[in-house]
Amino acid sequence: MDVKGEIISYLTTIIPLVLIPWILFYVFLRYLRDKKDVSKKVIVREVWIDEIVEVNKSIVEFGDPYDKKYFEERYEWKDKLLIVAYIDNNAAGYIVWYDRFWDGSFYCWMAWVNPAFRRMWVLKNLMEYEDDWAKRKGYNKIKIKTRNNRRNMLWYLVKYDFQFTEVEAYPSIEDNRISLEKDLK
């Protein structure tokens, strides 16, 4: 092989080895930028229960949708926070919070993020809004209960400093309820 052929062979071997990591790095940076941009587009608003009931009708994961009376009986006469997250004016998720235990904690009773908007910082924005609201109101702890089969929710809660406090056993292990809490600092 002549010198020119060796150089071409060398370059065709080396160039991909050098370029591929840079291309992957560039793609990763674009991904992070896009995620950050989406986070800025999430708008969280306090709403009336009627809006939560409407959003709740679209949730197939919960089975039959809950009516307004079901929600109101749960938090009646208690301090509450009803919030919905929107992306481009579409309801992306919601959380219903209330003072369940009267012990300085604020309880997340029902949370949901539309599958089309998952991994777009919706839950994080909802939870941050609630944390700020609860701190302003004087609460010192957040409590939540989820199911063992809600892996994405468990992953989120562990990632954002929630601690396991109790497991309530059910006949099917996937249905076990897991209680968690986080101190508000």
Pair list, Cβ < 9 Å and 6+ apart or interchain, from region 125-141 residues that are over 12 Å from CYS108 (Cβ atoms) to residues that are part of a helix (DSSP H, G or I) and aliphatic (A, V, I, L, M):
ASN140/ALA134
Would you confirm whether any residue within region 116-137 is in contact with a Lys or Arg (Cβ under 7 Å, 6 or more places away or on another chain) and under 21 Å from ASN56 (Cβ atoms)?
no
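Yes or no, residue by residue, for (1) of a type outside the set (A, V, I, L, M, F, W, C); (2) closer than 22 Å to LYS80 by Cβ:
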{"residue": "LEU154", "(1), (2)": "no, no"}
{"residue": "LYS159", "(1), (2)": "yes, no"}
{"residue": "ASP175", "(1), (2)": "yes, no"}
{"residue": "LEU180", "(1), (2)": "no, yes"}
Does any residue of region 151-171 turn out to be touching a helix residue (DSSP H, G or I) at 6+ places or on another chain (Cβ under 8 Å), in contact (Cβ under 8 Å) with a residue 12 or more places away in the chain and surrounded by fewer than 17 Cβ atoms within 10 Å (Cβ to Cβ)?
yes
From the set of residues in region 72-91 that are basic (Lys, Arg) and not in a strand (DSSP E or B), which is farthest from TRP102 (Cα to Cα)?
ARG74
Residues being in a strand (DSSP E or B) and either among the polar types (S, T, N, Q) or surrounded by fewer than 20 Cβ atoms within 10 Å (Cβ to Cβ) (or both) - total across region 99-109:
2
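Computed from the coordinates by the stated procedures, all read-outs in this text should not be read as laboratory data. Because the structure is predicted, anything quoted here is derived from the model rather than measured. When we count neighbours, we look across all protein chains shown, and the Cβ atoms used for this are built from the backbone with ideal geometry, even at glycine.
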